[in-house]
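S.K.: Sharing a structure below in structure tokens format, with a few things to ask.
Nothing in this text is a laboratory measurement; each read-out follows from the coordinates by a stated rule. All values derive from a computational prediction rather than experimental measurement. Cβ placement follows ideal geometry from the backbone for every residue including glycine, while neighbour counts extend to all protein chains displayed.
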Amino acid sequence: MVLPGAVEALQALGRVGIQSGGLPITTTGLVQLRAGVVSGWLDPNFIRLLGEDNERMQAVAAWRDAPCFTDAERAALALTDAVTTIAGQGDPVPDDVWYEAARHYDEKSLAALLVCIAVMGVWNRLNISVRQPAGEIVNVETVDSRDGTRITLESRGTGPAVVIVDGPTSSRTYGPSMKFASLLAENFTVYTYDRRGRGDSGDTAPYSVERELEDLQAVIKAAGGENVGVYGMLSGAVLALEATAAGVTGISRLVLREPRLASADGQEDLRPKLSELLKAGRNADAVALFHGSDAVSDEFRIARGDLFWEALEAVAPTIMYDLTVSEESSADRYRGIAVPTLVIDRDANDRSHKDSLTVADAVPGAQHHSIPASFAGRTVSAHVLDQLTNFFKS
């Protein structure tokens with residue numbers, strides 16, 4: 001959305017129900033998922049972030065016949081159905097539905113429940129209007145990396161395997177990989193995973209880039225172990241490059257979105273500042289500093305108050321891992337890569353464009369594509385999707 005303040009206002013209103021209304025976090029998730037089911041648009045990744053599992057998510061579609069919900073949850077789901085389908089009903093919210101909800105929730109919680117349902121309705125209509133993809137139930141599993149660290153991944157769709165490697169502070173349950181996984185799933189089996197230290201994956205000290213390469217190898221093995229396309233973004237693109245150069249097996253094609261290489265200026269100053277903030281427990285300030293720096297391009301910036309900001313605070317310590325990935329990168333190592341490679345960036349004279357050109361020049365036979373500077377928002381996503389689909393299919 002390009003209307004200034006609109007998204008922030010909706011997010012703020014949504015947080016009232018989640019944070020201030022006294023509703024259990026799982027009830028909030030169930031209500032939002034049910035509202036999506038009824039209106040024809042849902043995003044189960046967001047619901048999973050709020051604490052739901054696959055079994056209960058699947059049961060929401062037929063909740064009246066499912067035994068896995070409490071009486072209070074059933075009352076909330078019934079109210080959700082009534083409010084979401086309010087149009088064309090003679091008595092849209094029957095007394096028995098209202099009184100049953102009021103029996104389980106006090107006045108404040110009931111108000112929060114209504115706000116939650118209403119806000120989800122607004123989001124659904126906006127997403128339908130701009131053609132955001134409908135959600136799907138995904139398969140979640142864990143694999144053990146070489147050092148024993150548990151890595152959580154999920155897959156969706158059918159077709160050739162594609163693994164997405166996230167950039168800084170992103171996760172399989174929020175951020176760019178979630179969106180592109182759903183879009184690519186029409187033609188591919190798409191695997192996304194929580195990089196170590198994020199989401200449901202573990203973290204074993206000390207950190208090293210080599211351990212992350214082993215994580216990616218474990219994910220590729222889970223994706224079939226051979227003929228796997230890999231799409232990496234920012235530091236995730238550098239990880240994909242490093243993995244290929246180091247001999248990680250099974251990678252058939254690489255798409256690299258704005259790989260972030262070692263910077264001659266700026267990043268050295270960023271590390272001590274971030275380290276100081278993180279040691280002081282000021283995760284939110286660390287995230288804000290990082291996302292306002294040259295280490296993140298405009299396309300991937302996130303501002304305070306955006307959706308999932310609190311989730312970013314939780315993974316703030318892993319920003320230091322991303323700095324390490326970039327700092328230890330070397331274009332010279334990529335000159336021996338024999339895997340077909342596509343590098344994507346924005347048509348702008350900035351660090352991102354320069355890094356992308358460096359990588360494209362280093363990898364033998366690599367293709368380079370710049371997104372037109374005039375493109376924005378949904379147009380960029382559609383353009384990148386076309387590039388990904390065509391390259392992985394070729």
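S.K.: Sort S329, S293, S201 by Cβ crowding within 10 Å, fewest neighbours at the top.
M.R.: Numbers: S329 26, S293 17, S201 21.
Listing S329, S293, S201 from fewest to most nearby Cβ atoms yields S293, S201, S329.
S.K.: Mind checking the dipole of the range 139-393: about its Cα centre, +1 per Lys or Arg Cβ, -1 per Asp or Glu Cβ, Debye to the nearest 20?
M.R.: Values: 26 positive and 37 negative charges, 85 e Å.
Roughly 400 debye for the range 139-393.
S.K.: State whether the range 139-393 is rounded, prolate or oblate according to the following rule on the C-alpha gyration tensor (a ≥ b ≥ c being the square roots of its eigenvalues): a/c under 1.5 gives rounded; otherwise a/b larger than b/c gives prolate, and the remaining case gives oblate. Working shown, then result.
M.R.: On the way: a/c = 1.30, a/b = 1.13, b/c = 1.15.
Verdict is rounded for the range 139-393.
S.K.: Modelled label-to-label distance, T142 and C68, 7 Å Cα→beta-carbon offset: nm?
M.R.: With each label point 7 Å from Cα toward Cβ, the separation is 1.8 nm.
S.K.: Here is a follow-up. Please enumerate, by chain and number, the lysines with C-alpha under 24 Å from the C-alpha of K179, excluding those fewer than 8 residues away in the same chain.
M.R.: Straight-line reach from K179, under 24 Å: K221, K393.
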